[in-house]
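Here the structure is laid out as structure tokens; the discussion comes afterwards.
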Amino acid sequence: MATTNTFRIARIPGDGIGHEITDPCCAILDAAAGHVGGFSLAYETLQAGAGAYLDTGTALSEETVEAARVADAILLAAAGLPEVRYPDGTEITPQIELRMILDLYAGIRPIRAIPGVPLPLADPRAAEIDFVLVRESTEGLFVSHRAGSIRDDTDSEDRLLITRKGTERVVDAAIRLAEQRRATGGRGIVTCIDKANVFSSLAFFRKVFDERVALHPEITGDHLYVDAAALAFIGRPWRFDVMVTENMFGDILSDLGAGLIGGMGFAPSADIGDDHAVFQPCHGTAPDIAGRGIANPTAMILSGAMMLEWLGDRHGEPRAVEAGRLIRDAVDKAFADGLRTVEIGGDAGVQAVTDAVLAALPKI
């Protein structure tokens, strides 16, 4: 009798629409797992975010952190609400705290045009957009998260930190990704996005990047200043393969990238370390539409697909990798067949998208 792997998933619905998109995502993950067989998912629901902060005074409890730490993967919907803030005025962001606590240094942000989803760029080559932005997620400007200073209400200061260790490991992650993509038709190009002409810290980032790429002659290294990269995102985004950048630059460019493929509702992500990983959509909690059933769960579903592929690679379980691919193909088929969510001019909300993707999955 074949052995069945059971992966323990810490799922954090968070706030706002996070509660609406979590169960549908898990239903699709379970359906794909059931189709390929050989593994299953066991969920433990954990509390974190603005609601947890209002209820308990803690946005991310030690109990939640420890449960997430022992899980095989973490599936996080969205957390935080604009009106709920810490005394220093910053928002509740347990997702950032988890990155720091679990040392999730590689923020993986795929930007891929989905067949059938209207794109803002008129050039027909926009349909070829398929690149990955790798964001260093534990240092850069975010090292000042909740640690900046305001002096006498006259000036304020935050710190930017770039280390050799942090840069080497995130660049290596980008190179590995480019190698994987090259094996399946990718271009094998890694572009360093920086501001090396102005900041010594980012000149150092570029220096370390060049050193690491030189160790991989099959990979081509390229450079762009962040402002030029923003322009190129609009002018010729189909030229990119894999990019790697500092934390804040990655935060901004990943949202710009999402805009190229229809919006935040289509943009999945992962924050990956050596021992742990969090998978979540790039979007926020959207409190203005929470509870109305009109949210787009596609980014959450695709984040779940990324989770299955990561679990499969990490644990030598090719059936999990196959299940992730099936989900991505089902999303593509659903939208290619005419599915339209609210933000792209249709009326499909959470349930309609879920039903369409489930219907597009192969039947057991």
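Those helices (runs of 4 or more DSSP H) of segment 18-107 in which 3 or more residues are closer than 25 Å to Glu309 by Cβ and at pLDDT 95 or above occupy 18-36, 62-70. Considering each residue of segment 209-225, count those that are over 22 Å from Arg125 (Cα atoms), surrounded by fewer than 20 Cβ atoms within 10 Å (Cβ to Cβ) and of a type in the set (A, V, I, L, M, F, W, C), and give that number. Residues meeting the conditions: 2. With respect to (1) within 30 Å of Glu91 (Cα to Cα); (2) part of a helix (DSSP H, G or I); (3) out of contact with any strand residue (DSSP E or B) (no Cβ under 6 Å at 6 or more places or on another chain), the lone exception for Arg159 is condition (2). Counting only residues that are at pLDDT 95 or above and among the hydroxyl-bearing types (Ser, Thr, Tyr), segment 164-199 holds 2 of them.
Considered as a group, the residues in segment 162-191 that are part of a loop (DSSP other than H, G, I, E, B) and touching a residue at least 40 places away in the same chain (Cβ under 8 Å) include one that is farthest from Val242 (Cα to Cα), and that residue is Ile162.
The rows are residues; the columns are (1) assigned by TED's automatic domain parsing to the domain that holds Gly16; (2) out of contact with any Asp or Glu (no Cβ under 9 Å at 6 or more places or on another chain); (3) closer than 18 Å to Gly34 by Cβ; (4) at pLDDT 95 or above.
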| position | (1), (2), (3), (4) |
| --- | --- |
| Ala323 | yes, no, yes, yes |
| Asp337 | yes, yes, no, yes |
| Arg340 | yes, no, no, yes |
| Asp347 | yes, yes, no, yes |
| Val350 | yes, no, no, yes |
| Leu358 | yes, yes, yes, yes |
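Evaluated against (1) closer than 19 Å to Ala59 by Cβ; (2) in a helix (DSSP H, G or I); (3) free of Cβ contacts under 8 Å to residues at least 40 places away in the same chain, Ala127 falls short on exactly one condition, (1).
Selection over segment 219-260 of residues that are farther than 18 Å from Ala178 by Cβ, assigned to a helix (DSSP H, G or I) and among the charged types (D, E, K, R) gives a count of 3.
Of all residues in segment 238-253, none that is within 14 Å of Ala228 (Cα to Cα) and not assigned by TED's automatic domain parsing to the domain that holds Glu168 has its Cβ atom under 8 Å from the Cβ atom of a residue that is surrounded by 19 or more Cβ atoms within 10 Å (Cβ to Cβ) and at pLDDT below 95, 6 or more apart or on another chain.
Hey, any hits in segment 100-117 for a residue that's more than 21 Å from Ala270 (Cβ to Cβ), of a type in the set (Ser, Thr, Tyr), touching a residue at least 24 places away in the same chain (Cβ under 8 Å) and surrounded by 15 or more Cβ atoms within 10 Å (Cβ to Cβ)? Scanning segment 100-117 turns up no residue that is more than 21 Å from Ala270 (Cβ to Cβ), of a type in the set (Ser, Thr, Tyr), touching a residue at least 24 places away in the same chain (Cβ under 8 Å) and surrounded by 15 or more Cβ atoms within 10 Å (Cβ to Cβ). Residues in segment 283-301 that are touching a residue at least 60 places away in the same chain (Cβ under 8 Å), buried (at least 24 other Cβ atoms within 10 Å of the Cβ) and more than 15 Å from Ala27 (Cβ to Cβ): His283, Thr285, Ala295.
The values are calculated or read from the model by the stated rules, or taken from the named source; none is laboratory data. Note that the structure is a prediction, hence the values are computed from the model and not measured. Every residue, glycine among them, receives a Cβ derived from its backbone with ideal geometry; neighbour counts consider all protein chains shown.
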